[in-house]
Structure formats: C-alpha cells, structure tokens
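The values are calculated or read from the model by the stated rules, or taken from the named source; none is laboratory data. Remember, it's a predicted structure, so these values are computed and weren't measured experimentally. Quick reminder, even Gly has a Cβ in these numbers, built from the backbone with ideal geometry, and neighbours come from all protein chains shown.
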Amino acid sequence: MSGGRPSLFLLDAPVTSKRPAARGMFVISMRAPEIARAVRAGQFVNLGWAGGPLLRRPFSVYRAEDDEIEVVLKSVGAGTEQLLAMKHGGVVSCLGPLGRGFDLKGKSAVLISGGLGVAPMPLAARDAKAAGLRVTWVHGARTAAELCAESAGDEVVWATDDGSKGFHGTAVAAAADADVVLACGPNRMLAAVAERWPEAQVAVETYMGCGTGVCLGCAVPLKRGGYDRACKEGPVYRAADIDWSALPSHLSYAVTA
Amino acid sequence: MAVAVGGLELRGPVLAASGTFGYGTEVPLLERRALGAMVSKGIFLRPRAGTPPPRIAETPSGMLNAIGLQGPGADALVRDYAPRWAEWDFPVLVNINGESASEYGELTARLDGVPGIAGFEINISCPNVEQGGLYFGNDPRAAAAVTEAVRRRTKLPVWVKLTPMVSDIGVIARAVESAGADALCAINTFVGMSIDLNAYKPRLSFRTGGLSGPAIRPLAVHLAHQAARAVRIPVVGIGGIACADDALEFLVAGCTAVQVGTATFVNPKAIAEVHDGIAAFLEARGFATLAELPRYLPRD
C-alpha cells in the first residue's frame, strides 16, 4: 500500500489516430495526458477495451507527446485485431505507466531493435537525447517490408536478414559499441545482445497477467536463480542477469510473428 | 455491510483473494475502505522459486495460471510484511501451505501470535505444486488431518480453502468442519490445460494450471452453495466475481462473504466497485443490512 504513488494512472483513453509503420505494423495514438507526462523510456501501459479479451495487454510506450501516447502493434490474434479495428474516438482503458525503464547515463547510446522491438525506441531516443547522449538507432527486421519506416535519433542504421535494405544481416551484427546499449526484440536476439554486451539494457517480452506485480505471471528466470517480475523489476534488465536458456522464445504472439 | 466470518468481524463482505493481491504492499490504486480483509499470497515454511515460465495463459473468459506458490518463506513474511499488516485497518489472513500435515502445523506455529496476522486460510487446493496442495483437498481424511494440525497450533480463526476438483464438496466441507475449521472458502481454481498449436505442447510449462475468471463463476456458485448447505460454519464464496451482481449471486446462494481475485488483474478498482455495488443494491431493494438479504439455502 505504498501504492498511493501518484505516478500510476487508470484512464479511459480515446483513440486519436492510426497509421501504418511497416507491413502489418501500425502505430495507434490515444489521449492519455497524465500517462503521457509521467512515462519514461522503456515503461509500458496495460490496455483493455470493452468486448476485448479478459486480461489487459501490455504495450511499450512508443512515443509520448503533449497529451498523447502511442503504441505500436501487429495483428497477432483476436485481441490485437480488435484494437486495430478501433475507430477514432473508440475508448481504450489505459493503466500506466508501468515497469522500470531504461537508465540513460553516458555520452553515446546505441538502440538495437528487431521487428516489433521498435516499440520502446522512439521514447528511448527522446530521453537519451534529453540526457545529452548521441543516439544511433540500429533498426533490424527480416525484410525491408517488415522494417518499421519510422526512426529517431542522430543516426539510423538499417539491417535486414535478406539484405533487401541496408546492412545484410542482423541488427546486432550491424551495431557498433556505445556507452549505453539498449535492445528490444525477439528473445533470441536479446540473448545474442547479452553475449556481446553483458551490460546492455534489454526490454524483454513475456506473457503478463496483471502488469502491476501481484500475479507473478510474468516470471523472468535469472542467472543467479529464481525469478522476478517483468512488470515490476523489468521489463528492462541488465542483459547478463537473465537466464536466456530458461526464458521462452516461442511466445505465440512473439514479436517476430 | 459489516459481517462476522469464522471468528473475524469484518467491516465489509468483500475480501481480496489469495494470489491476486501479493502481500498487499504494492497493490495499485487500492481503495482500502472497500476491503473487508485480505488473504495473502500463499506461503510455505521455506522459500520457493515457483514454476518456470510460461506461467499464465488466457482462455475464453478466464485464465490458467501455474505460478507454483513462489514465495519468500515464513521468516521473510514475518520480517517484511506482518509488521506492515499490523498497522492496517483491516485484517490479513495468511494463506498457508505444506507438503505434509506436520509441515502445515509447523508453519502455523511459526506464524501464530505474530502481530499483523489475524488468521489462517489453509490451502488444500492449489493445483500447481508437486507435493501436497490438491492432494489434501480431495481426500476427506487428509483434509481433516491438515485442518487438525493447524487447529492444534493456533487459537486464531482457521479457514479452509476447498478445491472444486471433487465429486462431492459436501463430504470435504463436513470433514474440515468437524476438524475445527471456523469457515470455508469455496472455491479454488479448476485444473485445466491449453495447447499451443505452434509448439504442439501445453501453453504452460507446468502442463496444467488453475482456471479462474468469469468462465468458472456458475460452477463456483454451485459448489459454494453445495458447501454452504453441508455445514453450519460460514462459507466465503470465490470464483469469477467481477461485479456486484456476481458477488450477490454467491451471497444469496448461502455465502457470508466473497473474495475477488482475477478481476483485480483486469480492473484495479474491482474490489471497490463490488463493495459499492452491493451497498447500492441493498439500498435500492430496501434492505437496511446485508443480513436482510434473502438467501436461497435449503439445508441438506
């Protein structure tokens, strides 16, 4: 009940716009003033809507500006399908901001994203620049069509598995070192990040129940043994702290799906 | 709206269900005034890591969970949480677990008399542990043995949380009543399974999980009613309650109070809405107190 923290809000947020960002990938904006002001890079919101699935769905905050927040999503099931079908003015119940975000200290940052792993990056670029870091965003996907067309930061590097745009190979291979390494994408990709940069900050994806720390459904296996909660101690982790072999990589709505 | 339940005087009939509220210390946007009592996350004597992920899966109008009673153990609970509970204006019951009747007894002895702990909810119905749990809940002799082991170690209220995974819940209800339980909580989750059609295997690493949420509510109302018919001690209804009407179904069906669980995950204000909705219902129907609510409870 230390609750009472004024940093968490439950808002009815009207959808204000939707735009495509890549093949099957869309950015949805909604009006959530208190959350837009409070959110920090790497934090997420838990969204629910009338007639939707029972549990809320967690989304990294993609951008926050003035009174609006944005999330990025793909249709991966009935829930996201409903959210994408929502019309201008449709109301989304928005709980957030939740979780622990990125820690931005240093002179340079490299942001590494794979597929839908773009989700926390524009906000990370904003906050990193505000903290005085030079920001390079390495943007990866399987093909050019699946590559999110939007970017932010001082420099952008594109990478595709099939070579159809930019660097021919993975975003991890295309990235240069920096003081701060931030990554988000499929758990397999994050495991590769952990190999190369144990100190990287990675935003992991798990199934999630409550989003607020009480259900223990979003367990993340730790190298030192045991689990903690993606929604509370995470979703941003020091890459070397996670037991990658025990973290499921086959989520049915996995970011690569 | 005050109610007496199994040795505790509660200011309201809506309680937070075990496993959906943690230890009450980090529940967001909580309106404490609405809370009759809280039942803590289930605890074992010793720390437990819990099951590997994936631990949850959504199902139609419900969810499966196999958390595996992850918890810090009794010593940490006494050190970190009980002192805070002692300052709260509602009672906290500890949901207790063990792999044997004697371990339940040992845990009770460790927790009995600790300021902040107002009573015990014996969990003989967790489907997500390898040893104990459900095993004690579907055998009337084992259920009674665990209840007696706890009863002998404490004078605090002892409630017993029953499993729905039985052919006649009345038999178990009577067995634990005879063994000294002050109240029953009905019901815990149903055992379920869901298959990932991409991986061709169960969606939960534990293979099975406990089904909760609105999907189980009619089943839960029936089982809570069957338990209430079988005993003289109060029954606390649990299972898929998301709004006041859901809670009122359990109350009319013979329950003295209710616990709200999964709904809290979806709606952090669920407990306050259920509480306020019951009060509004009573007023609209002209009942001065909850005790005046008509009950449908023909005795066995």
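Values as computed for the structure displayed
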item	result
Filter pass, B:Ser102 being in contact with a helix residue (DSSP H, G or I) (Cβ under 8 Å, 6 or more places away or on another chain), surrounded by fewer than 23 Cβ atoms within 10 Å (Cβ to Cβ), farther than 23 Å from B:Ala175 by Cβ and polar (S, T, N, Q)	no
Per-region count, the stretch B:5-48, residues touching a Pro at 6+ places or on another chain (Cβ under 9 Å) and without any contact (Cβ under 8 Å) to a residue 40 or more places away in the chain	3
Meets criteria (farther than 28 Å from B:Glu9 by Cβ and in contact with a His (Cβ under 6 Å, 6 or more places away or on another chain)) for B:Ala199	yes
Near pairs, Cβ below 6 angstrom, 6+ apart or cross-chain, from the stretch A:185-199 (surrounded by fewer than 17 Cβ atoms within 10 Å (Cβ to Cβ)) to any residue that is not β-branched (Val, Ile, Thr)	A:Arg188/A:Ser249; A:Pro198/A:Ala239; A:Pro198/A:Ala240
Of all residues making up the stretch A:6-49, the number that are in contact with a strand residue (DSSP E or B) (Cβ under 6 Å, 6 or more places away or on another chain) and in a strand (DSSP E or B)	24
Enumeration of residues in the stretch B:38-58 that are over 30 Å from B:His275 (Cα atoms), buried (at least 19 other Cβ atoms within 10 Å of the Cβ) and more than 10 Å from chain A (Cβ to nearest Cβ)	B:Phe44, B:Leu45
Count of residues meeting criterion [more than 14 Å from every other protein chain (Cβ to nearest Cβ) and either over 21 Å from B:Gly209 (Cβ atoms) or not polar (S, T, N, Q) (or both)] in the stretch B:87-105	12
The stretch B:176-232, residues that are away from chain A (no Cβ under 14 Å), touching a residue at least 40 places away in the same chain (Cβ under 8 Å), in a helix (DSSP H, G or I) and under 22 Å from B:Ser61 (Cβ atoms)	B:Leu219, B:Ala220, B:Leu223, B:His225
Hits in the stretch B:154-164 - residues which are touching a residue at least 40 places away in the same chain (Cβ under 8 Å) and closer than 17 Å to B:Tyr135 by Cα	B:Lys161, B:Leu162, B:Pro164
Enumeration of residues in the stretch A:71-118 that are more than 20 Å from A:Leu147 (Cα to Cα), among the aliphatic types (A, V, I, L, M), free of Cβ contacts under 8 Å to residues at least 60 places away in the same chain and surrounded by 15 or more Cβ atoms within 10 Å (Cβ to Cβ)	A:Leu83
Residue match in the stretch A:170-187 (condition: within 14 Å of another protein chain (Cβ to nearest Cβ), among the aliphatic types (A, V, I, L, M) and assigned to a loop (DSSP other than H, G, I, E, B))	no
Unique residue being touching a helix residue (DSSP H, G or I) at 6+ places or on another chain (Cβ under 7 Å), among the hydroxyl-bearing types (Ser, Thr, Tyr) and farther than 30 Å from B:Arg151 by Cα when the list is B:Thr20, B:Thr59, B:Thr25	B:Thr59
Lone qualifier among A:Val202, A:Val220 - being touching a Phe, Trp or Tyr at 6+ places or on another chain (Cβ under 9 Å) and either within 14 Å of another protein chain (Cβ to nearest Cβ) or modelled with pLDDT under 95 (or both)	A:Val220
Complete set of residues in the stretch B:60-86 that are within 8 Å of chain A (Cβ to nearest Cβ), more than 18 Å from the chain's Cα centre (by Cα) and not in a loop (DSSP other than H, G, I, E, B)	B:Arg84
Selection status of B:Pro127, in contact (Cβ under 8 Å) with a residue 12 or more places away in the chain, part of a loop (DSSP other than H, G, I, E, B) and within 20 Å of B:Leu223 (Cβ to Cβ)	yes
Selection count, the stretch A:238-249, where residues are in contact (Cβ under 8 Å) with a residue 40 or more places away in the chain and more than 11 Å from every other protein chain (Cβ to nearest Cβ)	5
Exclusive hit being outside any strand (DSSP E or B), of a type in the set (Gly, Ala, Ser), under 18 Å from the mean Cα position of the chain (by Cα) and within 21 Å of B:Arg153 (Cα to Cα), set B:Gly105, B:Gly98	B:Gly98
Elements of type helices (runs of 4 or more DSSP H) contained in the stretch B:239-300, each with 1 or more residues being within 14 Å of chain A (Cβ to nearest Cβ) and aliphatic (A, V, I, L, M)	B:262-266, B:270-284
Test: residue in the stretch A:225-237 that is more than 9 Å from chain B (Cβ to nearest Cβ), farther than 24 Å from A:Leu10 by Cα and surrounded by fewer than 18 Cβ atoms within 10 Å (Cβ to Cβ)	no
Residue match in the stretch A:55-66 (condition: assigned to a loop (DSSP other than H, G, I, E, B), within 13 Å of another protein chain (Cβ to nearest Cβ), buried (at least 22 other Cβ atoms within 10 Å of the Cβ) and not charged (D, E, K, R))	yes
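Residue-by-condition table, conditions (1) within 19 Å of the chain's Cα centre (by Cα); (2) within 16 Å of A:Arg40 (Cβ to Cβ):
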position: A:Val72; (1), (2): yes, no
position: A:Val76; (1), (2): yes, no
position: A:Thr80; (1), (2): yes, no
position: A:Met86; (1), (2): no, no
position: A:Val92; (1), (2): yes, no
position: A:Leu104; (1), (2): yes, yes
position: A:Pro122; (1), (2): yes, yes
position: A:Trp137; (1), (2): yes, no
